[in-house]
Amino acid sequence: PPPRDPPADAGPAASSYQSGDVVYALYPDEGLWYPAVVASPGPHQGTYVVCYDGYGDLAALSTSQIRIKMVVDTTHQQPPPKPTPPQRADTKMKKSGGRRGAGKGARPPPPGRREHSTG
């Protein structure tokens, strides 16, 4: 089958590659491009041995069958906003327990009632 266009994040064909370059490599039997890594120079001048990611298959390809995988720069992108927690509909205040007259701002006992003190 005729080869398809390389993926959108593939760069142009280079005149040479280095071992370890992350690339897209044409799989000639299918005419499709797959992620790969350049393993070494190939057996002939202008060829390189690539290893297809996830498959482990090796192939000797010409420079026209290899494209550098472009890295998208995300260092200047803003992170997505954090989701706001849902608001509870029943936000009634609970009365605090404890004995009357205790604590700052406690209400005095109602008229006619007095607190007993020990001591």
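Overview of results
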{"read-out": "The lone exception for Ser40 - which of (1) open to solvent by 50 Å² or more (accessible area, probe 1.4 Å); (2) outside any loop (DSSP other than H, G, I, E, B) it fails", "value": "(1)"}
{"read-out": "Candidate set from the range 45-55 (those that are more than 28 Å from the chain's Cα centre (by Cα) and at pLDDT 95 or above); member that is surrounded by the most Cβ atoms within 10 Å (Cβ to Cβ)", "value": "Tyr48"}
{"read-out": "Residue pairs meeting the criteria (Cβ under 6 Å; at least 6 apart or on separate chains; first touching a residue at least 24 places away in the same chain (Cβ under 8 Å) and within 13 Å of Gln18 (Cβ to Cβ), in the range 31-56; second open to solvent by less than 50 Å² (accessible area, probe 1.4 Å) and part of a loop (DSSP other than H, G, I, E, B))", "value": "Val38/Tyr17; Val38/Asp21; Tyr48/Tyr17; Tyr48/Gly42"}
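Conditions tested, residue by residue: (1) loosely packed, with under 14 Cβ neighbours inside 10 Å; (2) modelled with pLDDT of 90 or more; (3) over 27 Å from the mean Cα position of the chain (by Cα); (4) part of a strand (DSSP E or B).
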residue: Pro1; (1), (2), (3), (4): yes, no, yes, no
residue: Ser16; (1), (2), (3), (4): yes, yes, yes, no
residue: Ala60; (1), (2), (3), (4): no, yes, yes, yes
residue: Pro79; (1), (2), (3), (4): yes, no, no, no
residue: Pro86; (1), (2), (3), (4): yes, no, no, no
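The values are calculated or read from the model by the stated rules, or taken from the named source; none is laboratory data. Note that the coordinates shown come from a computational prediction; the quantities given were computed from them, not determined experimentally. Virtual Cβ from ideal backbone geometry, glycine too; neighbours counted across all protein chains shown. Surface areas here come from the heavy atoms of the whole protein model, side chains and all, with no ligands, DNA or RNA. Shrake-Rupley method; radii C 1.70, N 1.55, O 1.52, S 1.80 Å.
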